[in-house]
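This report refers to the structure that appears directly beneath it.
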């Protein structure tokens, strides 16, 4: 019975993931066809944020496709093996798209450089946007801007695969101790992915200035904290039922480190600057560390939310 349920779950998950990933996959195919026909992709025909979301979609489908084999071979280490395999597919696909896809703008550039420009301003505005605090030039490309792209991608992949593999393992083995943790992981993973998609099409309503509007400030704060929490819950699903220093401490440290790394990625993107939520003292950078008290509060919040969630998950696991 469990085997039949497992097969049914696997096929339904694969169909559902294929449906969710259909648009990013379509974007990738469209760009490759344009490259084949024209030698480069006209910027007006470029599907926004094809990287990293097409490589993410490809890697998730690949990771799920091999799930039965991974779970048979690696058993309780399946999520680690599956994540490594899926991330390998992601980085190979990402590298191919960054280096082999060309975009035609004022001059032809590789897709990686073009994607960098989109972090600042939409394609139809980049020619006339007057930059003040941060001078950005199309083609003034630095690979360090990809820190936050890669971090976001890795968290999305491991979080969603963790849910897919975890529920499959429960069905196969009949061990439901991690059910609550996986349910929370699914919620945080889907919420974070939803915010990523929202950010892609709106950039959270930023205007290009370093001091952002209140709605942008709130959404960015939630985004950064949710990134950390999602990574923290992934750690929690691996340490559930163990001593408190592991079951809570490791996830909290993970959440804090990932959120901090996201800030480092933003600093790399903005040439040592950060977006500011206002001019009040809470939003002013602390000398020598760039972070403002508000930024530190967001980092601490990610750890605190993760800690409370872990305590609740472990309590329910013992009940």
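The values are calculated or read from the model by the stated rules, or taken from the named source; none is laboratory data. As the structure is a computational prediction, the values presented were derived from the model and not from experiment. Backbone-built Cβ (ideal geometry, glycine too); neighbour counts: all protein chains shown.
Points to keep in mind about this one:
- Taking the numbered list (1) assigned by TED's automatic domain parsing to the domain that holds residue 292; (2) under 29 Å from residue 66 (Cα atoms) in turn, residue 166 passes all entries but (1).
Okay, residues lined up against (1) at pLDDT below 90; (2) within 25 Å of residue 20 (Cα to Cα); (3) under 15 Å from the mean Cα position of the chain (by Cα); (4) outside the structural domain of residue 52 (by TED's automatic domain parsing):
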{"residue": "183", "(1), (2), (3), (4)": "no, yes, no, yes"}
{"residue": "190", "(1), (2), (3), (4)": "no, yes, yes, yes"}
{"residue": "208", "(1), (2), (3), (4)": "yes, no, no, yes"}
{"residue": "232", "(1), (2), (3), (4)": "no, yes, yes, yes"}
{"residue": "245", "(1), (2), (3), (4)": "yes, no, no, yes"}
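- Residue check, residue 217 in a helix (DSSP H, G or I), touching a residue at least 40 places away in the same chain (Cβ under 8 Å) and in contact with a strand residue (DSSP E or B) (Cβ under 9 Å, 6 or more places away or on another chain): yes
- Tally, over the range 50-66, of residues that are within 10 Å of residue 161 (Cα to Cα) and surrounded by fewer than 21 Cβ atoms within 10 Å (Cβ to Cβ): 1
- Any hit, the range 12-28, residues being surrounded by fewer than 16 Cβ atoms within 10 Å (Cβ to Cβ) and either assigned to a loop (DSSP other than H, G, I, E, B) or touching a strand residue (DSSP E or B) at 6+ places or on another chain (Cβ under 8 Å) (or both): no
- Sole residue being in a loop (DSSP other than H, G, I, E, B), under 22 Å from the mean Cα position of the chain (by Cα) and surrounded by 16 or more Cβ atoms within 10 Å (Cβ to Cβ), chosen from 257, 274, 226, 238: 274
- Extreme residue, surrounded by the fewest Cβ atoms within 10 Å (Cβ to Cβ), among residues of the range 172-191 that are touching a residue at least 40 places away in the same chain (Cβ under 8 Å) and under 14 Å from residue 227 (Cα atoms): 184
- Look at (1) within 22 Å of the chain's Cα centre (by Cα); (2) modelled with pLDDT of 55 or more and you find that residue 141 fails only one, number (2).
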